[in-house]
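Reading through the structure tokens given below for one structure.
The values are calculated or read from the model by the stated rules, or taken from the named source; none is laboratory data. None of the values given here were measured: they were computed from a predicted structure. Positions of Cβ are generated from backbone atoms using ideal geometry, with glycine treated the same way; all protein chains shown enter the neighbour counts.
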Amino acid sequence: MTEIKRGFVDIVEGQAHYRTCGDANAPVLVMFHGSPGSSFSLTPLMRHLGRGRRVIALDALGNGDSSPHSKDTPEIRDLADAHMRAIDALGLKEYDLYGYHTGTSISTEISIARPKQVRRIVLEGVSVFSDGDQADLFANNHAPDIPLDLSGTHLIAAWMMVRDAHLFWPWWDRSAGARRTLGLPSPTYLTTEMIEVLKASRTYFKSYNAALRYPKRERLPLIKHPTLIAACPSDQLFGFLDVAQSLVPNSRKAVTPDPHKDEDVAEVARIMLAFLNER
């Protein structure tokens, strides 16, 4: 099993935290996670991708163990700029990109800003919300600030949000029609996922809301690199696969197995490495 190590890199905002694995001499793959968690959620996939890449998965600013962005309301371009400075501080000159959910927006913006450094891109679970869907998510406080208090209500608030995200889409709509078929992960995984949210309960929502605001229909067509648009049928964003792929020039789509299932993750990594290894 590929060992995952952790580190920090200094940037103006403070420190960016990352997880890394793989051969230090292999081509580099920079990964960005989804919301509301951290790069912890990518560790199963990292272990398999690390067999063919030097993998570096950054916690988005204000998520996990990374310092928050200096702006109260950062946009995706602000986050991408900070992460590019982190990439530079790590001494990375050329790299592939992978983004999942919120990470697809950050990866998109980096690819636009860094046409020469980026080689290939994998975007998994790209949302292209309508104005109505976007307004509904904001109206229902989809990414809430979770203040800490002496009664410990923040513990149950974080637990319910993280748990229910596996059971419903959106997580706050607990109706039968919103029910997902995933079931729950192990108590150990779910607890660790909740702890990652609690670490940044007052800031994680800034990157999440930035992703919900991000104008994908305008920005995705600006990607110039070979791109794989991927999703598994159980992903709540699977329905956007075709429209997302149609917006990105020089792209193809892939319907993958579930990267969160132990029995499927190796095949997902194989599909992605096959694409990244094309030249």
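List of remarks:
Residue-wise test of (1) at positive phi; (2) surrounded by 17 or more Cβ atoms within 10 Å (Cβ to Cβ); (3) of a type in the set (D, E, K, R); (4) in contact (Cβ under 8 Å) with a residue 60 or more places away in the chain.
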residue: Leu92; (1), (2), (3), (4): no, no, no, yes
residue: Tyr95; (1), (2), (3), (4): no, yes, no, yes
residue: Thr102; (1), (2), (3), (4): no, yes, no, yes
residue: Ser111; (1), (2), (3), (4): no, yes, no, yes
residue: Arg120; (1), (2), (3), (4): no, yes, yes, yes
residue: Ser130; (1), (2), (3), (4): no, no, no, no
residue: Phe138; (1), (2), (3), (4): no, no, no, yes
residue: Asn141; (1), (2), (3), (4): yes, no, no, no
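- Close Cβ contacts (under 9 Å, 6 or more residues apart or on different chains) running from residues in the range 240-267 that are over 16 Å from Glu218 (Cα atoms) to residues that are part of a strand (DSSP E or B) and among the aromatic types (Phe, Trp, Tyr) comprise Pro259/Tyr100.
- Assessment of the range 130-150 against the conditions (farther than 24 Å from Tyr214 by Cα and part of a helix (DSSP H, G or I)) yields no matching residue.
- Under the condition of being under 16 Å from Lys93 (Cα atoms), in contact with a Leu (Cβ under 7 Å, 6 or more places away or on another chain) and surrounded by fewer than 24 Cβ atoms within 10 Å (Cβ to Cβ), the residues counted in the range 15-53 number 1.
- Qualifying residues in the range 76-90 (those that are among the small types (Gly, Ala, Ser) and buried (at least 19 other Cβ atoms within 10 Å of the Cβ)) - the one nearest to Ser207 (Cα to Cα): Ala80
- Residue count for the range 218-276 under the criterion of being assigned to a helix (DSSP H, G or I), out of contact with any helix residue (DSSP H, G or I) (no Cβ under 6 Å at 6 or more places or on another chain) and not hydrophobic (A, V, I, L, M, F, W, C): the result is 7.
- Residue list for the range 95-123, filter: in contact with a Pro (Cβ under 8 Å, 6 or more places away or on another chain) and either in a loop (DSSP other than H, G, I, E, B) or of a type in the set (A, V, I, L, M) (or both): Ile121
- For the range 217-275, the candidate set comprises residues that are more than 17 Å from the chain's Cα centre (by Cα) and hydroxyl-bearing (Ser, Thr, Tyr); within that set, the residue that is nearest to Trp169 (Cα to Cα) is Ser246.
- Residue match in the range 200-216 (condition: free of Cβ contacts under 8 Å to residues at least 12 places away in the same chain and of a type in the set (A, V, I, L, M, F, W, C)): no
- Residue count for the range 91-136, restricted to those that are more than 18 Å from the chain's Cα centre (by Cα) and not hydroxyl-bearing (Ser, Thr, Tyr): 16
- Total residues in the range 232-279, condition under 22 Å from Gly50 (Cβ atoms) and surrounded by 14 or more Cβ atoms within 10 Å (Cβ to Cβ): 20
- Lone qualifier among Ala86, Ala82, Ala60 - being small (Gly, Ala, Ser), under 20 Å from Val197 (Cα atoms) and in contact (Cβ under 8 Å) with a residue 40 or more places away in the chain: Ala60
- All of (1) over 17 Å from the mean Cα position of the chain (by Cα); (2) assigned to a loop (DSSP other than H, G, I, E, B); (3) not hydroxyl-bearing (Ser, Thr, Tyr) hold for Gly62 with one exception: (1).
- Across the range 184-201, the qualifying residues are those that are assigned to a loop (DSSP other than H, G, I, E, B) and in contact with a Leu (Cβ under 8 Å, 6 or more places away or on another chain), and the one among them that is surrounded by the most Cβ atoms within 10 Å (Cβ to Cβ) is Ser201.
- For the range 163-183, residues that are in a loop (DSSP other than H, G, I, E, B), surrounded by fewer than 12 Cβ atoms within 10 Å (Cβ to Cβ) and either within 18 Å of the chain's Cα centre (by Cα) or modelled with pLDDT of 95 or more (or both) total 1.
- Subset tally (residues that are at pLDDT below 95 and in contact with a helix residue (DSSP H, G or I) (Cβ under 7 Å, 6 or more places away or on another chain)) for the range 2-27: 1
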